[in-house]
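Everything below concerns the one structure shown next.
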Amino acid sequence: MKILKVLIVACLGFLFSCGGARTTTVADGSAPILLSITPLSVSRGSTVTLSGSGFSIVPQENVILLGGTSTPASNYITNSSGEAITFIVPNNTPLGDQPLTVIVEGFADSISNPITLTITP
């Protein structure tokens with residue numbers, strides 16, 4: 001009986017130390033997958049929706065790089081399934097084609113042909 005108690009305590013300690021109560025959807029530590037951007041051409045201050053998988057449902061756990069510059073997490077709206085993020089294009093984003101990268105808890109989307117967002121005046 002004493003061994004069983006020790007095993008239960010050890011298992012519970014392990015589960016809590018691994019973040020068992022986390023709210024992120026990236027449970028396996030894999031990179032997010034960015035499938036589409038809507039629309040592909042926008043002006044500064046417009047909203048953009050990213051669709052894919054592996055995004056966190058906690059906005060602050062996602063980082064969206066647009067042209068190499070991080071967009072503020074306060075501008076993110078995530079859905080409850082972790083399959084979409086909507087964000088506002090910052091007013092200081094350079095014009096033209098800007099590569100877009102999504103990072104969730106240190107893991108970046110990895111696509112051989114980077115998706116770009118065109119920023120218009």
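The values are calculated or read from the model by the stated rules, or taken from the named source; none is laboratory data. Computed from a predicted model, the values in this text were never measured in an experiment. All Cβ positions, glycine included, derive from the backbone under ideal geometry; neighbour counts span all protein chains shown.
Residue-wise test of (1) farther than 16 Å from L34 by Cβ; (2) in contact with a Lys or Arg (Cβ under 9 Å, 6 or more places away or on another chain).
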{"position": "N62", "(1), (2)": "no, no"}
{"position": "S80", "(1), (2)": "yes, no"}
{"position": "N92", "(1), (2)": "yes, yes"}
{"position": "L95", "(1), (2)": "yes, yes"}
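Applying the criterion of at least 1 residues that are modelled with pLDDT under 90 and farther than 20 Å from I119 by Cα to the strands (runs of 3 or more DSSP E) found wholly in the stretch 1-100 leaves 33-38. In the set L66, L35, only one residue is exposed (fewer than 15 other Cβ atoms within 10 Å of the Cβ), over 10 Å from the mean Cα position of the chain (by Cα) and aliphatic (A, V, I, L, M); that residue is L35.
If the condition is being in contact with an Asp or Glu (Cβ under 6 Å, 6 or more places away or on another chain) and of a type in the set (F, W, Y), then the stretch 40-92 contributes no residue at all. Answer yes if at least one residue in the stretch 110-117 is touching a Lys or Arg at 6+ places or on another chain (Cβ under 7 Å), assigned to a loop (DSSP other than H, G, I, E, B) and among the β-branched types (V, I, T), and no otherwise. Looking for residues that are touching a Lys or Arg at 6+ places or on another chain (Cβ under 7 Å), assigned to a loop (DSSP other than H, G, I, E, B) and among the β-branched types (V, I, T), one finds none in the stretch 110-117, hence no.
Taking every residue in the stretch 72-99 that is at positive phi and pairing it with any residue that is modelled with pLDDT of 90 or more and not in a loop (DSSP other than H, G, I, E, B), at least 6 positions away or on another chain, the pairs with Cβ-Cβ distances below 8 Å are G82/S53; G96/T118; G96/I119.
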